[in-house]
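Only one structure is covered here, and it is reproduced in the block below.
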Amino acid sequence: MADTSSNHLPGRSLFSGRWAADALPRLLVSVRDASEARMARRAGVDWIDLKNPDSGSLGAPELATSQAVAQELADFPCRSIALGELADLDLAASHSSANVREMAEGFPIAKVGLARLGQSTAWQTAFRALARLLTPETALVPVIYADYQACDSPSPKAVLELIAEIQAPYLLIDTFHKAGQTVFDSLGRSELLEIVQQASASDCHTVLAGSLQTPDHATYQMLSISAVAVRGAVCHTDRRSALCEKKLNLWVSEFASA
Ligand SMILES: O=C[C@H](O)COP(=O)(O)O
């Protein structure tokens, strides 16, 4: 069972050293397969995140894809995987729970969305059950959807309470809907800052995503975020198209020279 009672969480060590609170924000890029993972690594991104962009904001990949990427990135510590929406996981079905566990194997961090659970009184229990299902090497972290009302996800306050309780090593703020609106269209900078500060009080680092289009270091610094996560901005057209090496290199150089 994953130890969620101490600072020795899997994933926690990703934030030591250059991930220190006063360090510059790092760049996370979401990839869809091993070939894109190679490209992202070659470009010099700090953190590689696996997801299936065809299946939504936090689309889970196929098992064969997650295994190939875990192998590809075995010596690249900052890697994570998206497991889809908690509401879609049938943890009572043994084949489904075995599949999720295997899918996350080899990733220090797995993240899951909470869409359609805004009215649920049992989502925290389901979240903890999923966390226990994963191997002890993988920390499960929740996502705050900036458009939580539109996707019926628990409020930022409710997710922050869970973060404090489970001592999550990081928090992702993202948008559920990917139809042109950015994270800033749903949450103002003061609301975002409040979330980051509350997470930080729980020793939790915040990663900011949500259709970000151009690097904006002044805002990242003002919000004290630890990392910026992008997919659409580094693809040829929309986030479901292939990664674009040129755009990737531009983002990497923006972060290297900030
Ligand atoms: O984990 C972060 C997301 O993949 C960001 O995707 P996006 O830039 O297309 O909103």
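Laid out as a table, the results:
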{"item": "Nearest-20 debye value, the chain charge dipole, Cβ charges on Lys, Arg, Asp, Glu", "result": "360 debye"}
{"item": "Mean Cα-pair separation over length for the chain, i.e. relative contact order, pairs under 8 Å, 6 or more apart, %", "result": "20 percent"}
{"item": "Label-to-label distance, nm, for residues given as T121 and A93 (7 Å Cα→Cβ offset)", "result": "2.7 nm"}
{"item": "From phi via Karplus (6.51, -1.76, 1.60), per-residue ³J(HN,Hα) for the range 201-213 in Hz, x at Gly/Pro", "result": "5, 9, 6, 10, 8, 9, 10, 9, 9, x, 6, 5, 9"}
{"item": "Three-way shape label, the chain, alpha-carbon gyration tensor, a/c 1.5", "result": "rounded"}
{"item": "Residue-wise HN-Hα coupling along the range 251-256, computed from phi with Karplus coefficients 6.51, -1.76, 1.60 (Hz; x: Gly, Pro)", "result": "4, 4, 5, 4, 6, 5"}
{"item": "Among beta bridges that DSSP assigns inside the chain, antiparallel share in %, nearest 5", "result": "5 percent"}
{"item": "Helical contribution to [θ] at 222 nm, DSSP H n ≥ 4, -39,500 (n - 2.57), averaged over the chain, rounded to 500", "result": "-10000 deg cm²/dmol"}
{"item": "Residues whose placed amide H lies under 5 Å from that of H205, excluding near-sequence neighbours", "result": "Y170, L171"}
{"item": "Gaussian network model of the chain, Cα within-10 Å springs - most flexible of L114, L28, L91", "result": "L91"}
{"item": "Over the range 129-258, relative contact order from alpha-carbon pairs under 8 Å, at least 6 apart, %", "result": "19 percent"}
{"item": "Amide hydrogen neighbours beyond the local backbone of C78, cut-off 5 Å, H modeled", "result": "none"}
{"item": "Amide H partners (placed H, <5 Å) of C235, local residues excluded", "result": "C244"}
{"item": "Accessible surface of the range 12-256, 1.4 Å probe, proportion on carbon and sulfur as whole %", "result": "49 percent"}
{"item": "Per-pair calculated FRET efficiency, R0 = 41 Å: A74 and A179 via Cβ, rounded to 0.05", "result": "0.70"}
{"item": "Listed residues A74, A87, A37, most fluctuating in the chain (Gaussian network, C-alpha, under 10 Å)", "result": "A74"}
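The values are calculated or read from the model by the stated rules, or taken from the named source; none is laboratory data. This is a predicted model, so every value here is computed, not measured. Note that we place each Cβ from the backbone using ideal geometry, even for glycine, and neighbour counts take in every protein chain shown. Areas reflect the complete protein model, heavy atoms only, side chains present, ligands, DNA and RNA absent. Shrake-Rupley method; radii C 1.70, N 1.55, O 1.52, S 1.80 Å.
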